[in-house]
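Pasting a structure here, questions to come.
What follows draws every value from the coordinates through simple rules; no lab data is involved. Keep in mind that what you see is a predicted model, and the values were worked out from it rather than measured. Because the Cβ atoms are built from the backbone with ideal geometry, glycine has one as well, and the counts that use them run over all protein chains shown.
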2 protein chains.
Amino acid sequence: MTKFDEATQAIRVDDQTYDVCLDPGYSIGGPLNGGYLMAVILRAVVDDSPFEHPVSTTSQFLKAPVAGEARVRVERLKVGRTAAFHRATLIQNGAPQIESLITTATLTGADPIYADKAPEIMPPVAQCIALPAPKPESGMTLNAQMEMRFDPPTIGWLSGAPSGRPESRAYFRMAEPQDPDPFVLALAVDALPPVVFSAGGRGWAPTVDLTWHLRALPAPGWLSLIGSGRLVADGWFDEEVEVWDSAGRLVAQSRQLARVGRG
Amino acid sequence: MTKFDEATQAIRVDDQTYDVCLDPGYSIGGPLNGGYLMAVILRAVVDDSPFEHPVSTTSQFLKAPVAGEARVRVERLKVGRTAAFHRATLIQNGAPQIESLITTATLTGADPIYADKAPEIMPPVAQCIALPAPKPESGMTLNAQMEMRFDPPTIGWLSGAPSGRPESRAYFRMAEPQDPDPFVLALAVDALPPVVFSAGGRGWAPTVDLTWHLRALPAPGWLSLIGSGRLVADGWFDEEVEVWDSAGRLVAQSRQLARVGRG
């Protein structure tokens with residue numbers, strides 16, 4: 001069992017309840033990373049489902065849970081022949097923190113009838129950039145769990161040269177050697193710096209709603225995360241992340257609606 | 001009150017319950033259109049919210065409700081300073097049909113900080129094509145509620161010449177004169193023929209999960225619906241629809257995960 005598998009463990013208590021222990025190693029300066037929290041929730045739901053894979057997940061982030069004990073309450077809305085529908089609520093100190101709707105099914109890996117090609121936008125890994133470890137006082141413990149190599153223009157904002165458009169791109173893998181799986185993908189779709197930083201935004205950019213679809217089981221190796229946005233307006237922005245695996249297949253698609261930070 | 005406003009009316013019964021009457025005029029050959037059903041659900045949620053606009057909606061389609069009486073059960077998950085979170089369930093004959101998570105807020109129409117330009121892919125309205133009314137025996141009553149003008153290559157599949165990629169594009173407005181509003185947009189994001197038809201797919205392509213974001217209040221006039229997909233595999237396909245208004249602004253973004261039909 002890897003550290004990530006352990007950090008996302010969900011222990012069945014009864015028909016509708018799983019105990020979880022939220023790991024302080026996934027903090028983004030206080031709050032825990034939304035992708036990590038989704039992975040925890042999905043552990044419970046997949047355990048409860050007769051199907052193997054979370055093909056669609058929507059999470060509404062009501063509050064920002066902290067490290068420590070929590071529960072996932074799962075409710076089977078419908079179990080069909082080829083897919084199941086669940087509602088899941090992450091609860092801490094008696095208060096709902098994250099509300100999710102999840103569809104599970106079993107992907108077979110059959111050859112696609114139609115597949116877009118991977119965008120030829122990422123330079124090779126060797127030309128992408130690792131960032132220095134954040135200072136301990138930042139509380140950014142998440143970074144230590146993942147290895148990322150950033151497409152240089154998309155981190156220009158770090159040195160005062162934002163690209164001017166909402167975008168964020170990087171290669172991604174777990175720091176502890178682990179082949180990517182659907183739970184790692186839940187982490188991956190929310191692992192990039194907010195795309196709005198490249199458009200000049202700053203500060204805490206809380207996700208309000210994140211929906212992602214698992215499209216195929218990822219091959220071992222680096223994942224490519226391609227993040228973009230279409231509109232920053234009225235205090236809101238969209239962030240869309242496509243995850244492509246090392247075999248050039250689209251394995252996950254996400255879109256989140258988030259708040260522009262005030263910082 | 002327009003016919004659409006009337007068909008989507010939700011009458012408050014108590015704190016958590018709205019009575020609705022599902023209109024037979026929104027049938028797609030038996031089942032009712034998912035966008036119409038979302039509009040009905042959103043009427044109830046917006047009525048219950050202190051905020052005016054449904055900025056994020058996710059619906060899981062558990063069953064296919066039929067025309068007639070139904071209820072929307074709403075539950076306030078959190079009411080914050082600038083946004084509220086609701087769960088809403090459409091119930092018919094005592095059985096949950098559609099489960100939704102909705103975020104409401106109030107959009108002000110402030111000038112965007114960043115806005116992508118509308119894709120220059122649609123020919124002018126005059127070069128797009130209206131389709132003949134469906135035969136009464138098809139049960140496709142939805143078409144009579146909307147006017148659509150299709151981008152010709154994307155309906156090539158109708159005459160045996162699919163474009164070979166998942167795509168579907170059209171201009172859209174209500175048949176009865178009505179300026180577009182967020183409820184009309186809920187209808188619009190699910191109004192195109194499934195994008196998979198252009199990739200050679202056929203038959204009933206049921207939506208499993210649809211998430212859409214309201215990004216701005218639409219200007220009067222035609223809406224442009226730009227639909228596409230990335231992957232058709234393992235019996236599933238994604239359909240993404242962008243809705244641009246007559247002023248060239250992105251007003252809605254959706255993505256659905258749906259089943260490839262068998263027929």
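Please work out if B:Ser163 is in contact (Cβ under 8 Å) with a residue 24 or more places away in the chain and assigned to a loop (DSSP other than H, G, I, E, B).
yes
Being part of a loop (DSSP other than H, G, I, E, B) and more than 9 Å from chain A (Cβ to nearest Cβ) is the filter; apply it to region B:79-94 and report the residue that is farthest from B:Asp209 (Cα to Cα). Before you say what the answer is, go through the steps one by one.
Of all residues in region B:79-94, those part of a loop (DSSP other than H, G, I, E, B) come to B:80-82, B:93-94.
Next, only the ones that are more than 9 Å from chain A (Cβ to nearest Cβ) stay: B:81, B:93-94.
Details: B:Arg81: 29, B:Asn93: 22, B:Gly94: 22 Å.
Across region B:79-94, the extreme among qualifying residues is B:Arg81.
Which numbered condition trips up A:His53, out of (1) more than 10 Å from chain B (Cβ to nearest Cβ); (2) touching a helix residue (DSSP H, G or I) at 6+ places or on another chain (Cβ under 6 Å); (3) under 21 Å from A:Pro182 (Cα atoms)?
Single failed check for A:His53: (1).
Give the residues of region B:166-199 that are of a type in the set (Phe, Trp, Tyr) and over 21 Å from B:Gly29 (Cα atoms), sorted by residue number.
To start, the set of residues in region B:166-199 that are of a type in the set (Phe, Trp, Tyr) comprises B:171-172, B:183, B:197.
Residues satisfying the conditions are B:Tyr171, B:Phe183.
May I pose another question? Looking at region B:206-237, which of its residues are within 21 Å of A:Thr103 (Cβ to Cβ) and without any contact (Cβ under 8 Å) to a residue 60 or more places away in the chain?
Hits for region B:206-237 are B:Leu231, B:Ala233, B:Asp234, B:Gly235, B:Trp236.
Of everything in region B:95-137, what is of a type outside the set (A, V, I, L, M), loosely packed, with under 11 Cβ neighbours inside 10 Å, more than 14 Å from every other protein chain (Cβ to nearest Cβ) and in a loop (DSSP other than H, G, I, E, B)? Give them in sequence order.
B:Glu120, B:Pro124, B:Pro132, B:Lys135
Go through region B:5-48 residue by residue and tally those that are out of contact with any helix residue (DSSP H, G or I) (no Cβ under 8 Å at 6 or more places or on another chain) and within 14 Å of another protein chain (Cβ to nearest Cβ).
Of the residues in region B:5-48, 2 are out of contact with any helix residue (DSSP H, G or I) (no Cβ under 8 Å at 6 or more places or on another chain) and within 14 Å of another protein chain (Cβ to nearest Cβ).
If we scan region A:58-68, do we find a residue that is out of contact with any Pro (no Cβ under 9 Å at 6 or more places or on another chain), surrounded by fewer than 20 Cβ atoms within 10 Å (Cβ to Cβ) and more than 14 Å from chain B (Cβ to nearest Cβ)?
Going through region A:58-68, the residues out of contact with any Pro (no Cβ under 9 Å at 6 or more places or on another chain) turn out to be A:58-60.
Among the residues that remain, those that are also surrounded by fewer than 20 Cβ atoms within 10 Å (Cβ to Cβ) are: none.
Among the residues of region A:58-68, not one is out of contact with any Pro (no Cβ under 9 Å at 6 or more places or on another chain), surrounded by fewer than 20 Cβ atoms within 10 Å (Cβ to Cβ) and more than 14 Å from chain B (Cβ to nearest Cβ), which makes the answer no.
Residue by residue through region B:138-155, note down the ones that are in a helix (DSSP H, G or I), over 16 Å from the mean Cα position of the chain (by Cα) and surrounded by 15 or more Cβ atoms within 10 Å (Cβ to Cβ).
Step one: list which residues in region B:138-155 are in a helix (DSSP H, G or I), which gives B:138, B:142-145, B:152-155.
Okay, now just the ones that are also over 16 Å from the mean Cα position of the chain (by Cα), so B:138, B:152-155.
Hits for region B:138-155 are B:Pro153, B:Thr154, B:Ile155.
Based on this model, can you work out whether B:Gly80 counts as over 21 Å from A:Ile98 (Cα atoms) and either within 16 Å of the chain's Cα centre (by Cα) or of a type in the set (Gly, Ala, Ser) (or both)? Give the derivation first.
Values: over 21 Å from A:Ile98 (Cα atoms): no; either within 16 Å of the chain's Cα centre (by Cα) or of a type in the set (Gly, Ala, Ser) (or both): yes.
Answer is no for this residue.
Please determine whether any residue of region B:154-171 is at positive phi and not charged (D, E, K, R). Walk me through it before giving the result.
Applying the first criterion (at positive phi) to region B:154-171 yields B:160, B:164.
After this cut, where a residue has to be not charged (D, E, K, R) as well, the list is B:160, B:164.
Yes; the residues of region B:154-171 include at least one that is at positive phi and not charged (D, E, K, R).
One residue is enough: does region B:186-197 have a residue meeting the conditions among the β-branched types (Val, Ile, Thr) and farther than 21 Å from B:Leu231 by Cβ?
Residues of region B:186-197 among the β-branched types (Val, Ile, Thr): B:189, B:195-196.
Imposing the further condition that a residue be farther than 21 Å from B:Leu231 by Cβ reduces the set to none.
No.
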